[in-house]
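**Q** Before I ask anything, here is the structure I am working with.
The values are calculated or read from the model by the stated rules, or taken from the named source; none is laboratory data. This is a predicted model, so every value here is computed, not measured. Glycine also receives a Cβ, built like all others from the backbone with ideal geometry; neighbour counts cover every protein chain displayed.
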């Protein structure tokens, strides 16, 4: 960096590492404040008193060395919490989410980064066919934004197993540019890795700082840049200037005339503040004038012809604009899956012809130009708005947040799937719009929100009644039974969860979100696909084999049934065992603590025999082996004939030792989002 990098009379190096201001060593006057003061220990700068610094950049990054964490076990383990050693809270430093990754080395482990029991990131390492002591499994995921404290929780895939093998787990954060799994020597401990941190000055964005002289950190000839990874800002030199923007003197002008290769000039170069000018020599100026006269003469001749063409150009311009609009609409129609829909219409006219093709103007008016006050809900990739059509009918308009090939396929797939279903408990698709930047689907409006809202966000004074919960279970089971057994072609939903079940004003259920659903030819028993689903609801057999069957929908329905009975979320940090709802429910039932885990409202309104039958049905749906689960047709029949079963079956909990799954699988997770997986089939040979 040209010019001084540190304050006058202050050291600018520790060992061979440069120390630019606002950092400093020695006296606190050499740094912006004590948070930027480094210790120089035998030629090694230390950040925050203990982190060895490898590199400091005036552009807002610092590379430090951190030790990995290793934990070894000789028996099966269900849950371990560790690695809370680095805390950046209260400092100007934050983990750089784009340049680091979270790595876990070990086997059959789900690893979660959490903040006060709120899960922020997760990854899973699954090894098939290896004992834990020999398996080479690992998983990586990105870091969340604004992360200042690193706490890691590990879950064993099967905490009920008893292993006599000693195995070790490694968990750490590493900079993407320096980390290589093949170079890590796990036998050596501790292992060190480089981690990239971001730093800012100030606690406000540029707009809020207001260039206040008493606190503003940027020097002369600089610009302010707000951080995108939390509060604070950084300083950069203006165009045409260079140096350290944090020093009081700020950045210095670049003399472009001293660098003809970078700033060419055919004549006399003159430096100016932030720029330079280039003046031609006398001879070249004369030639330039002659050339200018010739150009002027040519321009006059061309102008005459140009005036004659103005009228024609005006007419042609209107024609071109019209053709551009037509071409753009055709392009958007094709990109948004219009050709796929046309093929489906030609092959199945009766159903798809009932769909209405809306114009973009109609839906803009219906949603008040997508006013935020009209938002009904948000998902990972979509936003749903409430709209009102000219005839007064209320609709729900589903709009994608972004456009890519996967979203186009989900859009077209949902239209095709819903065109094949005619059931009172499946949300009705009214139409779509194909001429916008992102695809739009229009559904019937279901007024009472999602099942998830009613069982997890319910007010204490008006909890959901057991009769309403049972009706919802019966209706959803009936809809899935229809899709699996009565539709023209069997359909697997693939994303059954309480947030995809809508309720109307009378608590009647409507199954929704068919973006990843698939129709299956009758001669096939399963789909082999990349793994997709939602954390907490995913069939473990499907996760291991990548083969999705109708019994995978049964497993997800079993989780929803347990939600209805317990009122608890599938994944929650509030449970002391730190396991998923399905495993928690099964373990409680097998320990004769069923009624401790049920929702008090359910226990108060239900009969013991009725609740035991429902619990047994839920556990049968959650069996690890799909072949041992009932079909949705059998589930629907049992729910419809619950009273008969109470009279004719012995009512007791099923304590048979059987195969159940005690862990969930996941990938990256942002606060408040539901985690969706999209993994390709993989195995450890």
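**Q** Of the conditions (1) surrounded by fewer than 23 Cβ atoms within 10 Å (Cβ to Cβ); (2) in contact with a strand residue (DSSP E or B) (Cβ under 8 Å, 6 or more places away or on another chain); (3) closer than 20 Å to residue 416 by Cα, residue 499 satisfies every one except a single condition; which number is it?
**A** (3)
**Q** As an exercise: evaluate residue 587 against (1) farther than 30 Å from residue 151 by Cβ; (2) at pLDDT 60 or above and give the number of the one condition it does not meet.
**A** (1)
**Q** Let me ask something else about it. Hey, any hits in the stretch 526-547 for a residue that's modelled with pLDDT of 80 or more, more than 23 Å from residue 569 (Cα to Cα) and in contact with a strand residue (DSSP E or B) (Cβ under 7 Å, 6 or more places away or on another chain)?
**A** Checked the stretch 526-547: at least one residue is modelled with pLDDT of 80 or more, more than 23 Å from residue 569 (Cα to Cα) and in contact with a strand residue (DSSP E or B) (Cβ under 7 Å, 6 or more places away or on another chain).
**Q** Right, here's the next one. Would you point out the residue of the stretch 7-40, among those that are out of contact with any helix residue (DSSP H, G or I) (no Cβ under 8 Å at 6 or more places or on another chain) and part of a strand (DSSP E or B), that is nearest to residue 244 (Cα to Cα)?
**A** Checking each candidate, the answer is 18.
**Q** Hey, among 72, 139, which residue is modelled with pLDDT of 80 or more and either surrounded by 21 or more Cβ atoms within 10 Å (Cβ to Cβ) or outside any loop (DSSP other than H, G, I, E, B) (or both)?
**A** Of the residues listed, the single one that is modelled with pLDDT of 80 or more and either surrounded by 21 or more Cβ atoms within 10 Å (Cβ to Cβ) or outside any loop (DSSP other than H, G, I, E, B) (or both) is 139.
**Q** Sticking with this one: Does residue 1 fit the bill of being closer than 30 Å to residue 579 by Cβ and at pLDDT below 90?
**A** Here the answer is no, as residue 1 does not meet what is asked.
**Q** Please find, within the stretch 375-433, the residue that is nearest to residue 492 (Cα to Cα) out of those that are in a loop (DSSP other than H, G, I, E, B) and out of contact with any helix residue (DSSP H, G or I) (no Cβ under 9 Å at 6 or more places or on another chain).
**A** Here the answer is 380.
**Q** Could you figure out which of (1) in contact with a helix residue (DSSP H, G or I) (Cβ under 8 Å, 6 or more places away or on another chain); (2) at pLDDT below 90 isn't true of residue 367?
**A** (2)
**Q** Please determine whether any residue of the stretch 484-496 is part of a helix (DSSP H, G or I), closer than 25 Å to residue 519 by Cβ and touching a strand residue (DSSP E or B) at 6+ places or on another chain (Cβ under 6 Å).
**A** For the stretch 484-496, residues part of a helix (DSSP H, G or I), closer than 25 Å to residue 519 by Cβ and touching a strand residue (DSSP E or B) at 6+ places or on another chain (Cβ under 6 Å): absent.
**Q** Would you tally the residues in the stretch 367-410 being touching a strand residue (DSSP E or B) at 6+ places or on another chain (Cβ under 6 Å), loosely packed, with under 15 Cβ neighbours inside 10 Å and over 21 Å from residue 452 (Cβ atoms)?
**A** 1
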